[in-house]
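The values are calculated or read from the model by the stated rules, or taken from the named source; none is laboratory data. Since this is a predicted model, take the numbers as computed values, not measurements. Because the Cβ atoms are built from the backbone with ideal geometry, glycine has one as well, and the counts that use them run over all protein chains shown. Areas reflect the complete protein model, heavy atoms only, side chains present, ligands, DNA and RNA absent. Shrake-Rupley method; radii C 1.70, N 1.55, O 1.52, S 1.80 Å.
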There are 2 protein chains.
Amino acid sequence: MPLLVMKFGGTSVADLERIANAAQKVKREVERGYDVIVIVSAMSGKTNELVGWVEETSPLYDAREYDVVVSSGENVTAGLMALTLQEMDVPARSWQGWQVPIQTTSAHAAARFVDIPRENIDQKFAEGMKVAVVAGFQGVSPEGRITTLGRGGSDTTAVAFAAAFGAERCDIYTDVDGIYTTDPRISTRARKLEKIAFEEMLELASLGAKVLQTRSVELAMRYKVRLRVLSSFEDSDDNSGTLVCDEEEIMESKAVSGVAYSRDEAKLTLVTVEDRPGVASAIFGPLAEAGVNVDMIVQNISEKDYGGRTFAVTDMTFSCPTNQVARARKAMEEARAAGQIAYEELVEDTEVAKVSVVGIGMRSHTGVAAKMFQALASEGINIKVITTSEIKISVLIDRKYMELAVQALHDAFELEAGA
Amino acid sequence: MPLLVMKFGGTSVADLERIANAAQKVKREVERGYDVIVIVSAMSGKTNELVGWVEETSPLYDAREYDVVVSSGENVTAGLMALTLQEMDVPARSWQGWQVPIQTTSAHAAARFVDIPRENIDQKFAEGMKVAVVAGFQGVSPEGRITTLGRGGSDTTAVAFAAAFGAERCDIYTDVDGIYTTDPRISTRARKLEKIAFEEMLELASLGAKVLQTRSVELAMRYKVRLRVLSSFEDSDDNSGTLVCDEEEIMESKAVSGVAYSRDEAKLTLVTVEDRPGVASAIFGPLAEAGVNVDMIVQNISEKDYGGRTFAVTDMTFSCPTNQVARARKAMEEARAAGQIAYEELVEDTEVAKVSVVGIGMRSHTGVAAKMFQALASEGINIKVITTSEIKISVLIDRKYMELAVQALHDAFELEAGA
């Protein structure tokens with residue numbers, strides 16, 4: 001029997017009416033001949049309420065008890081979804097993590113999957129169950145304690161089940177109807193993509209983060225699970241939403257698939273750092289320890305003359321989220337005070353934004369970078385930092401030009417609707 | 001290490017502040033040298049919310065999924081209580097039914113305990129845990145599904161744990177401060193009992209039902225678990241509340257311990273029923289099938305002359321809750337139509353109430369019934385039906401005299417405060 005995994009997020013199961021709407025979509029797939037594994041999130045707002053109680057009770061909480069409290073939201077939805085399906089004459093039952101059992105590591109509140117044995121669920125399918133409703137976001141540790149995967153973990157649960165059960169596809173129902181070439185709030189010409197490659201989805205963080213959890217995309221890429229993102233609030237058919245899949249399934253050959261952005265970036269430059277082996281690790285080690293999420297890194301080497309002797313020196317520039325700038329400065333000043341690094345000054349620019357073009361087509365198309373820089377130049381936008389990867393080119397620019405840059409790049413690469 | 005079981009009901013854990021208050025009481029017992037098993041209910045209102053969702057989703061719900069949804073409330077409280085105790089430096093952890101495991105029958109929503117193995121919890125006590133916080137009201141079936149015990153099941157969980165772990169006492173914290181000689185809302189002279197025997201507690205249903213679930217008292221009686229009922233909203237010491245215990249622990253020798261009442265009773269009389277073997281089962285069989293909770297039964301035999309032949313006939317009187325009268329009438333009329341029973345008419349009196357005096361001292365005291373009837377007669381209260389058991393005498397009277405009867409009996413048996 002072919003099998004589908006269908007995942008419904010918090011807004012898709014926010015109340016009994018929406019649970020019934022989601023159940024209708026499940027029933028339709030059962031009627032088309034599928035066995036279905038449904039992964040459910042907590043009703044929207046519930047997880048925040050539970051987390052709030054834990055944090056108010058115990059600011060430095062025991063993550064094992066956090067998991068006990070927070071996992072309860074998904075259990076409620078799983079039971080209600082199973083009841084709703086039964087009311088529609090669909091043989092369904094709920095599964096909690098320990099009943100499958102979904103085996104995870106003991107890293108409470110951030111557990112990772114170890115194994116999802118198929119036996120228990122397969123046996124119930126063999127006995128006539130058509131739908132297994134699984135509580136997302138949770139599992140059980142080797143010690144028999146309840147674990148959770150961290151926020152957004154229900155997407156990852158869905159992909160893991162799709163991989164374990166060899167599902168034909170993993171449909172992620174959410175409150176948007178797919179992945180767009182850019183944020184439709186910034187460019188009215190944004191177009192919904194029919195397909196997107198796993199690698200592109202990972203790079204389109206600023207578009208994708210709100211839609212799919214990064215870890216779930218990584219997992220889907222590794223196990224080649226075809227992921228579909230679609231809206232639970234619209235009628236859907238086989239062509240709805242956006243399919244996230246292996247690049248071999250994608251026929252389009254555009255150089256660029258989408259334009260992404262990140263608004264709250266800061267640029268920090270350590271001026272006149274001595275350039276010697278190990279200096280990079282002397283800088284970025286303390287930053288990592290301080291929990292600073294360093295994104296772009298650029299280094300320029302020059303030579304300076306000190307009292308007749310020539311030293312190789314460098315300016316080291318990196319970016320991080322604006323709310324981590326104070327933490328980064330503290331880490332650098334402490335490392336300098338401890339004699340681990342030497343620099344003349346730390347220059348901060350907290351008024352920048354990152355704009356990126358992403359596309360697997362870049363590998364075979366030339367001139368993508370030139371075209372990008374030209375498009376920005378023609379709008380008079382100055383580029384402060386450039387970094388590139390195989391399928392992405394990112395620039396830091398003044399934040400006030402961010403929307404303009406996104407629109408200009410969207411136009412330059414002809415991503416608009418109907419193009 | 002001596003061990004206590006402490007149970008906190010829904011109003012005692014209604015919010016984080018009350019959970020902290022309950023945790024303080026647990027901490028005090030730990031400091032006095034006890035290992036403690038805490039049984040928690042769902043935060044008040046939560047279970048009703050969850051039951052409401054299930055019933056709205058599926059009027060004829062699958063009890064297995066009902067149990068999945070409804071049991072989640074206790075899990076949340078267990079986690080929050082464990083976190084609160086940890087914040088107070090008390091080594092605590094939460095336990096869900098399947099983790100103990102609390103083995104029950106498969107009778108979902110009305111499961112009964114099969115076994116509570118001590119190994120897992122004892123091992124954690126041996127490793128330094130001082131408090132096991134157990135989610136009340138739930139267990140796990142032989143099939144590995146979550147079960148619940150039915151409403152009020154957390155009391156029963158507490159008593160079952162006290163029996164399994166040989167607890168010194170089982171303290172039931174609730175929103176009243178003990179068991180009274182009668183309802184203080186009816187008689188201002190009602191007095192809190194220091195001790196009450198298990199048998200009396202069971203008979204004092206109308207006083208006790210709101211405080212202790214009947215099944216928990218039965219279980220406590222069977223395993224001789226000393227139960228204490230006390231308020232979670234007052235400072236308590238060893239003499240607080242009311243101890244429900246074996247009669248051997250009770251030194252008082254009053255004939256009557258309390259006066260109970262039941263307001264919504266109806267009296268039904270089948271007039272002129274043929275008196276033959278099997279007639280009682282022909283009447284009460286159909287009533288049981290119709291779900292009528294028959295309480296008192298009285299039968300008077302007489303002889304009647306029909307056309308020169310003498311028949312033994314009887315009037316059969318029974319009582320049931322007023323809201324079951326229509327169901328009882330329908331069952332009787334159908335049985336008559338089917339030729340199973342014969343009677344002249346069914347007379348209903350829906351304006352009656354039941355008043356009872358209860359006391360293990362009745363066994364050794366004579367004249368209790370006479371004193372009761374005298375007290376009622378002196379107030380001009382007519383007795384409609386009388387039934388007696390070894391430790392209880394009940395009468396049906398006109399409902400309008402109920403409060404008067406309770407007060408008169410409370411006075412006659414000298415139960416008042418300070419007596």
Problem - Highest average packing first - A:66-79, B:402-415, A:332-345, Cβ atoms within 10 Å - result: A:66-79, B:402-415, A:332-345
Handout entry: Karplus 3J(HN,Hα) series, Hz, for the stretch A:56-64 with 6.51 cos²θ - 1.76 cosθ + 1.60 (x for Gly, Pro)
Key = 6, 5, 8, x, 9, 6, 6, 4, 5
Practice task
Within the stretch B:252-273, find all residues whose amide N lies under 20 Å from a label point positioned 7 Å from the Cα of residue B:373 along Cα-to-beta-carbon.
Solution key: B:255-256, B:260
Problem - Within straight-line cross-link reach of residue B:27, lysines at Cα separation under 16 Å, skipping those fewer than 8 residues along the same chain - result: B:7, B:130
Exercise for the section: List the residue from chain A whose beta-carbon is nearest to the axis that rotates chain A onto chain B, together with that distance in whole Å. Expected result: A:72, 2
Fill in the blank from the handout: Taking Cα atoms only, helix B:72-87 is inclined relative to the longest principal axis of chain B by an angle, in degrees rounded to 10, of 40 degrees
Practice task
First compute the accessible area of the stretch A:259-412 with a 1.4 Å probe, then give the percent of it belonging to carbon and sulfur atoms.
Solution key: 47 percent
Handout entry: At 7 Å out from Cα toward Cβ: residue B:299 inter-copy label distances (nm, ascending)
Key = 10.1
Completion exercise
Per GNM of chain B with C-alpha springs under 10 angstrom, the most fluctuating residue out of B:310, B:157, B:105 is B:310
Exercise for the section: Enumerate the amide H contacts of residue B:6 below 5 Å, restricted to partners 5 or more residues apart or on another chain; note that Pro and chain-start residues carry no placed amide H. Expected result: B:37, B:38, B:39, B:171
Exercise for the section: Determine the relative contact order of chain A: mean sequence separation of Cα pairs under 8 Å and six or more apart, normalised by residue count, in whole percent. Expected result: 14 percent
Completion exercise
Note: B:69-78 gets an average of partner chain Cβ contacts (10 Å, Cβ to Cβ) equal to 5
Practice task
Determine ³J(HN,Hα), in whole Hz, for all residues of the stretch B:104-111 in sequence, where each value follows from phi through the Karplus function 6.51 cos²θ - 1.76 cosθ + 1.60 and θ = phi - 60°; x replaces Gly and Pro.
Solution key: 10, 5, 8, 6, 4, 6, 8, 6
Practice task
For n ≥ 4 DSSP H runs only, could you compute -39500 (n - 2.57) per run for chain B, divide by its residues and tell me the 222 nm figure to the nearest 500?
Solution key: -10000 deg cm²/dmol
Handout entry: Rotationally averaged projected area of the protein assembly as shown (alpha carbon convex hull; nm²)
Key = 48.1 nm²
Exercise for the section: Please give the direction-averaged projected area of the C-alpha convex hull for the stretch A:106-179, in square nanometres with one decimal. Expected result: 6.1 nm²
Exercise for the section: For the stretch B:68-82 and the stretch A:1-65, write down the distance between their C-alpha centroids in whole Å. Expected result: 18 Å
Handout entry: Set of lysines with alpha-carbon distance to residue B:392 below 20 Å, sequence-local pairs under 8 removed
Key = B:192, B:195, B:210, B:254, B:267, B:354, B:371, B:384
Handout entry: Cα-centre dipole for the stretch B:259-412 with unit charges at Cβ (Lys and Arg positive, Asp and Glu negative), debye to 20
Key = 280 debye
Completion exercise
Expressed as a whole-number percentage, the relative contact order of the stretch B:1-146 with C-alpha contacts under 8 angstrom and at least six residues apart is 27 percent
Exercise for the section: Give, in nm to one decimal, the length gained when the segment between residue B:311 and residue B:326 is fully stretched (0.36 nm per residue of separation minus the Cα-Cα distance). Expected result: 2.4 nm
Exercise for the section: Would you mind listing the distances between the residue B:337 label point and the same position in each other copy? Use 7 Å along Cα-to-C-beta, nm, one decimal, shortest first. Expected result: 9.3
Completion exercise
Other residues with Cβ under 10 Å from the Cβ of residue A:42 give, with Lys and Arg +1 and Asp and Glu -1, a net charge of -1
Fill in the blank from the handout: Mean per-residue count of partner chain Cβ within 10 Å for A:15-22 equals 1
Fill in the blank from the handout: With +1 on the Cβ of every Lys and Arg and -1 on the Cβ of every Asp and Glu, the dipole magnitude of the protein assembly as shown about its Cα centre, in debye rounded to the nearest 20, is 380 debye
Problem - At least 50 Å² of accessible area lost relative to the chain alone, listed for the stretch B:132-148 with a 1.4 Å probe - result: B:145
Problem - Cβ neighbours within 10 Å from other chains - mean over A:50-63 - result: 4
Fill in the blank from the handout: Once phi for every residue in the stretch B:386-398 is put through the Karplus expression 6.51 cos²θ - 1.76 cosθ + 1.60 (θ = phi - 60°), the whole-Hz ³J(HN,Hα) values, with Gly and Pro written as x, are 10, 9, 9, 10, 4, 10, 8, 10, 10, 10, 9, 9, 4
Completion exercise
Over all directions, the stretch B:3-175 yields a Cα convex hull whose mean projected area in nm² is 9.0 nm²
Problem - Within the protein assembly as shown, percent of DSSP bridges classed antiparallel, to nearest 5 - result: 65 percent
Handout entry: Under 12 Å, Cβ to Cβ, from residue B:18 - net charge with Lys/Arg +1 and Asp/Glu -1
Key = -2
Fill in the blank from the handout: With the label set 7 Å along Cα→Cβ, residue B:310 is separated from its counterparts in the other copies, in nm and shortest first, by 14.1
